[in-house]
Structure formats: C-alpha cells, structure tokens
1. Using a Gaussian network model on chain B with a 10 Å cutoff between Cα atoms, which of B:125, B:144, B:61 fluctuates the most?
2. Between residue B:141 and residue B:73, what is the label-point separation in nm under the 7 Å Cα-to-beta-carbon projection?
3. Ignore the peptide's own chain and count Cβ atoms of other chains within 10 Å of each Cβ in A:102-112; give me the average, rounded.
4. How shielded is A:155-164 by partner chains, expressed as the average number of their Cβ atoms within 10 Å of its Cβ atoms?
5. With no solvent and one point per C-alpha, what does the Debye sum give as log10 I(q)/I(0) for the stretch A:93-160 at q = 0.28 Å⁻¹?
6. Would you mind ranking A:150, B:91 so that the residue whose beta carbon has the fewest other beta carbons within 10 Å leads the list?
7. Assuming R0 = 41 Å, can you tell me the calculated FRET efficiency for the pair residue A:30 and residue B:122, based on Cβ-Cβ distance, to the nearest 0.05?
8. Output the Cα-based Rg and Dmax of chain A in Å, rounding Rg to one decimal and Dmax to a whole number.
DNA sequence: CCTATTATTGACTTATCGGTCATGAATACA
DNA sequence: TGTATTCATGACCGATAAGTCAATAATAGG
C-alpha cells in the first residue's frame with residue numbers, strides 16, 4: 001500500500017554496471033550514475049543506498065552472470081578443449097575496435113579495489129574460487145577422457161587458465177590486439193594437451 | 001643565479017611513485033602526494049606541473065627502472081630457463097603478507113587508465129613492446145642453444161610470458177597467494193621446454 | 001474518499017578536489 | 001652589497017564530490 005517504483009531495479013543496476021565497467025569505481029561520479037541510470041540522486045540513494053552499496057550490487061550481478069555463462073559453456077557437449085577454447089575466445093576484445101576497452105569488470109575491480117576494500121576483495125576472491133572450480137571440473141573431465149594432460153592437477157591447470165585470461169584481459173586494455181590475444185590464448189591452450 | 005631547490009627531484013618522484021603505486025591515480029589526492037613527498041602544494045606544481053604531469057614522470061621513472069632490471073636479469077649468464085624463472089619469481093608478492101598488495105604500477109595503470117588516457121596508454125604500450133623484445137631476445141637465445149622449444153616463435157612465447165606475468169600480478173592483488181603464484185608460474189615455464 | 005506508506009524530485013550541505021597566486025626567503029652574479 | 005631570479009609557503013579559488021532532506025506525488029487498503 002504505497003507508491004510503486006517507476007523504474008526496473010535490474011535495468012537500473014545494469015546501467016550502473018555499464019558506467020562502473022567503463023570508467024572504474026573512483027572515476028565514476030554520482031552524476032555519471034544519474035545520467036547512465038536515468039534516475040535522480042535521491043532515487044538511487046533510496047533504492048540502492050549509496051555509491052559503494054550500488055557498486056557492490058552491480059558487481060554481484062555482473063560476477064554472477066559471468067560465472068553462470070562460463071559454467072554453462074564449460075558443461076556443454078563436445079570435446080573439452082573445444083569448450084575451453086570457446087570460453088577463452090569469448091573473453092577477447094579488440095582495444096582498437098572498442099572506443100573504450102572495458103575488459104572484465106571483475107579484473108578491473110580486483111586491480112583497483114582489491115588491496116583497499118576488504119568487503120569487495122572477499123567477493124572477488126570467492127568469485128575466482130568458483131571460476132577455478134568450474135574450470136577444474138571441466139579439465140578433470142578432459143583428463144579422464146584423455147584430451148587433457150594428466151601430469152598436472154586439474155586445479156593448477158585451472159588456475160593457470162584463469163591467470164592467462166586475466167593477463168589477456170589486461171593486455172586487451174591497451175597493447176594487445178584481438179588477433180594477438182588469440183595467438184597467446186592458443187599458446188596457453190596448447191599447453192593443456194597430453195604430451 | 002637563483003634560489004636552489006631544497007629537495008631532491010628523484011627522491012620526491014620516488015615518494016610520489018609509492019603513493020600512486022599503492023592507491024592508484026584517481027584515488028591519490030594532492031594532499032596524499034604532499035604528505036608522501038613531504039612538499040607543499042606549490043612546490044609540487046612548480047617542480048612537476050600538476051597531478052597528471054607528476055604521474056607521467058613517476059610512471060616513466062618506474063617503467064624505465066623495471067625494464068632495465070628485467071633486461072639485466074635476462075642477459076645474465078647461466079641457462080635461459082633459469083633467467084626466465086628468476087624474472088618471473090622476482091615479480092611475485094604475497095597479498096596476505098603485504099598490507100596493500102600494490103602489484104605492478106605498469107599493470108595498475110594499464111587497467112585503470114589505459115582505455116581513457118591516450119598519452120599514458122602510449123607510454124604503457126611502448127613499455128610492453130620493449131619488454132616483449134627483451135623476453136624474445138632471451139627466448140631466441142634459448143632456442144638456439146636448445147633449452148627453449150622451437151615450434152613457436154620467440155616473439156609469441158614472449159607475449160605469452162608477459163601475459164602470464166600480468167595475470168599473476170592481478171591475482172596477487174587479491175586471490176592468489178605467493179605459493180600459488182609460484183605454482184602457476186612454473187606451469188607456464190614448463191610450457192617453454194622443448195618437447 | 002481518506003489515510004498510511006513509499007517513490008520522486010531537486011535544492012541544499014559539507015568536504016574535498018585540483019589548481020593558482022601573492023608573499024617572503026634564499027641564492028648567484030655583478 | 002644590491003639585484004635579479006628562482007624557490008617555498010600557505011591562504012585562497014571555483015568546481016565538484018558524495019550524501020541529506022523536506023516537499024510533493026502516487027499508490028493500496030480501509
């Protein structure tokens with residue numbers, strides 16, 4: 001029995017995510033967010049509780065969706081190496097093509113806020129933990145079916161892949177073209193084959 | 001024939017580097033810099049010309065020193081794999097041990113400012129270009145002496161190594177312990193051996 | 001229709017941002 | 001010693017930061 005909200009929470013959160021994604025946390029002002037979300041300042045504070053709280057909700061939404069996407073791609077049918085290749089290639093981006101190479105919001109946040117914001121660091125930590133689990137499960141399957149080398153634990157190979165992805169995301173923000181990213185990704189993927 | 005400067009430029013620049021390194025560009029205020037450098041605001045503006053100009057000089061100094069260090073380590077005596085291992089291990093850091101895991105200022109800058117500041121992006125781009133050259137030269141030597149695989153170009157292997165390093169630097173800012181970083185580094189280094 | 005409850009709006013507050021500048025101090029050279 | 005020149009100092013500036021709040025609007029239940 002009250003006045004109903006005039007905007008969609010999830011849609012507003014997505015708009016906020018876009019803003020944080022392209023500019024980073026510190027460089028995104030409330031004015032930027034107001035414009036991106038199409039809302040007045042008061043509405044944002046009432047619905048989300050402030051810049052930091054808004055960022056957390058946007059981050060959670062982003063990480064959750066990204067994780068689900070990866071989990072699905074990794075549990076597809078088809079050979080394990082193909083799934084891994086699809087996931088890695090799916091993350092690439094051309095810094096020349098995109099006006100602003102946003103990279104991955106998770107990585108951006110890890111680098112910008114990881115060492116200073118313990119609450120956010122915790123979220124990012126558990127996200128990368130889940131990501132590692134997803135990769136490790138897929139890699140273990142590959143090890144059982146003979147398409148992935150067995151002389152290294154699946155968990156470690158998973159961490160290696162995530163490290164590669166993060167390195168590629170970083171390179172894509174400035175000095176690595178999409179083609180070069182793909183070449184490097186293939187080098188990493190080659191390393192997973194049984195010898 | 002004028003009043004001499006009372007502080008050391010390079011020392012002040014190093015203090016500024018420390019500040020930018022631990023907090024990032026946006027999150028470091030002029031007040032932070034004043035405290036870190038032990039200088040009054042006017043002196044900083046007169047000597048360096050403003051926050052952005054100061055950051056550029058600090059970044060140049062940092063990247064130059066880092067490149068020289070890597071170049072020296074990569075042209076050491078001893079087997080090529082040992083040199084590469086030394087360089088990779090030299091970049092690792094424990095996020096738990098350090099209060100604030102600063103990572104690498106070059107990577108931090110690439111992620112924070114790469115897509116938005118063309119002047120800085122250019123510096124970072126040429127830095128990573130030189131870094132790739134240094135690694136490629138060392139890797140090519142290893143290929144000639146039989147300690148590095150020859151089925152992949154040295155340039156590509158170099159880019160792969162830099163990608164790994166950047167991924168490790170990122171992981172070290174939040175979710176990867178020094179031990180785990182070392183494990184992943186070893187996986188990447190294993191990939192360089194001839195089959 | 002009345003009322004309780006929540007949403008919207010935009011003016012307002014306080015603090016801090018990067019940056020400027022007038023003043024006074026310290027030196028080298030004449 | 002006088003003077004030109006650069007340096008150090010900190011008060012000051014307009015702009016903008018995040019955040020607050022009182023007034024108004026819109027709904028649901030009674």
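The numbers here are math on the coordinates, done by the rules we state, and not lab data. Keep in mind that what you see is a predicted model, and the values were worked out from it rather than measured. Cβ placement follows ideal geometry from the backbone for every residue including glycine, while neighbour counts extend to all protein chains displayed.
1. For chain B, modelled as a Gaussian network with Cα springs under 10 Å, the answer is B:144.
2. Placing both labels 7 Å along Cα→Cβ, they lie 1.5 nm apart.
3. The mean count of partner-chain Cβ atoms within 10 Å per residue comes to 5.
4. Taking the mean over all residues of the peptide, I get 6.
5. -1.06
6. Ranking A:150, B:91 by Cβ neighbours within 10 Å, fewest first, gives A:150, B:91.
7. Calculated value: 0.85.
8. Expressed in Å, the Cα Rg and Dmax of chain A come to 18.9, 67.
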